[in-house]
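The values are calculated or read from the model by the stated rules, or taken from the named source; none is laboratory data. If you're wondering where the values come from, they're calculated on a predicted model, not measured in any experiment. Positions of Cβ are generated from backbone atoms using ideal geometry, with glycine treated the same way; all protein chains shown enter the neighbour counts.
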Amino acid sequence: MQTSWREALLVEQAERRAAGLWRRRRIVSTPQSVNIAIANEESAKQSRINFSSNDYLGLANHMRLINAAAAASERWGVGSGGSHLVSGHYRPHQALEATLADFVGAEAALLFSSGYMANLALATSFVGKGDLILQDKLNHASLIDGARLSYAQYQRYAHLDLAQVDRLLKSKAHKRCLLMTDSVFSMDGDQAPLLKLERLARAHNALLIVDDAHGFGVLGDNGRGSLNACGVAPQGNVLMMATLGKALGSYGAFVAGDAVFIEHLIQTARTYTYTTALPAMLAVASHEALNLLQEEGQQLQEKLQQNIGYFKSRAETLGLRLMPSNTAIQPWLIGDATAACAAASALANAGLDAVAIRPPTVPKGSARLRIALSAEHSLDNIDTLLAAMQKVSIGKS
Ligand SMILES: *Cc1c(COP(=O)(O)O)cnc(C)c1O
């Protein structure tokens, strides 16, 4: 007899729970900030110091962004009412694109409703059948999904293995080649050697696409991003993608590069054409974040770097083994998924929020707590975290 859909799903869900892979939505009852409260985890402290946020500079709940968004919703309403190619492209979008392009040193920029959609656009618009997409094994899921949608041949190379990239680029079995990489790897915090990748791409006439979701706003001159930090411009065969929902504290994403490439995306990208435009009020909020970065970005970045340095050196003194990262993403490798959940619960009981990241987001056996630092954390906050981590690791051994 055939099993019902319901029974089959219940079996699958039971397996998921048993393997420590059950995912639960936590209900946040405060704005995003270094202090948050979780409403639906009764066994743990509700109020917590937040080490689970991509809001690296504390802009998501910044008064300047709040005021800008409020004024913009009065001026432009809430919904955009259509796609960018119909009736949804407003003056704030146009202005933000110009400022973003200027800020990162590109000819042009194009807004997308999210980074996920921008990456789907990038992976599908420039290549197709007979072409090749090369990606780092640890790239973000949106880049991987884009490659799957592209009809191009898709090959992942071992994490940061430039020799393999070189071999694959030389294979010549393809017409065109896209080389796609995260700049800061989202679950590991380590960084791609962008200058070397740019040279390799240039030597083989590949198009290099850099996903700077975790570098934009925090790295480079006043937060211009990872390419800027590495001395590579988003020009010629280099395109950059960055999100506005992480360090910029807002929502949406953009692609920056030469105008011909941007125009090609406008003409062909399905995730640009067939979706409602980002609300203008969010473009205004993002623009305010960008203004703020240009004015005080450097101080915020220095504060963040100080926190990263402090966390790393104290962790080392305490004998806590962190993964190699110099960015705000400081993963604490646990290994087993159930153990990672137990560690996260122990921290939650101590009033600390650091979420367990488990497969399939990370490879099997490499579950971890993804500790994300912010410029807003105090050294006290960090000491509290380290003390709790030490307690957990003593309990383990
Ligand atoms: C978050 C993220 C994205 C997706 O961006 P959204 O705007 O959240 O859709 C893409 N790439 C990386 C590396 C990310 O971390």
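Can you spot a residue in segment 147-164 that is under 20 Å from Glu198 (Cα atoms), out of contact with any Pro (no Cβ under 9 Å at 6 or more places or on another chain), part of a helix (DSSP H, G or I) and more than 16 Å from the ligand (Cβ to nearest atom)?
yes
For the list (1) in a helix (DSSP H, G or I); (2) within 13 Å of the ligand (Cβ to nearest atom), I need the number of the one condition that Phe216 fails.
Result: Phe216 passes all but (1).
Tell me the residue from Thr124, Thr181 that is part of a strand (DSSP E or B) and buried (at least 18 other Cβ atoms within 10 Å of the Cβ), please.
Numbers: Thr124 fails: part of a strand (DSSP E or B).
The conditions single out Thr181.
Would you be able to tell me the number of residues in segment 242-264 that are closer than 15 Å to Ala108 by Cα and within 16 Å of the ligand (Cβ to nearest atom)? Working first, answer last.
Taking segment 242-264 and keeping what is closer than 15 Å to Ala108 by Cα, we get 242, 253-264.
Now drop any that are not within 16 Å of the ligand (Cβ to nearest atom), which leaves 242, 253-256.
Qualifying residue count, segment 242-264: 5.
Among the numbered conditions (1) more than 11 Å from the ligand (Cβ to nearest atom); (2) not in a strand (DSSP E or B), tell me where Leu134 comes up short.
Single failed check for Leu134: (2).
Does Ala285 fit the bill of being touching a residue at least 60 places away in the same chain (Cβ under 8 Å), within 16 Å of the ligand (Cβ to nearest atom), aliphatic (A, V, I, L, M) and out of contact with any helix residue (DSSP H, G or I) (no Cβ under 6 Å at 6 or more places or on another chain)? Explain how you work it out, then say what you get.
Values: touching a residue at least 60 places away in the same chain (Cβ under 8 Å): yes; within 16 Å of the ligand (Cβ to nearest atom): yes; aliphatic (A, V, I, L, M): yes; out of contact with any helix residue (DSSP H, G or I) (no Cβ under 6 Å at 6 or more places or on another chain): no.
In short, no.
Kindly evaluate Gln155 against the criterion of being at pLDDT 95 or above and surrounded by fewer than 22 Cβ atoms within 10 Å (Cβ to Cβ).
On the way: at pLDDT 95 or above: yes; surrounded by fewer than 22 Cβ atoms within 10 Å (Cβ to Cβ): yes.
Yes, satisfied.
Can we say Ala70 is surrounded by 20 or more Cβ atoms within 10 Å (Cβ to Cβ) and at pLDDT 95 or above? It would help to see each step written out before you state the result.
On the way: surrounded by 20 or more Cβ atoms within 10 Å (Cβ to Cβ): no; at pLDDT 95 or above: yes.
Answer is no for this residue.
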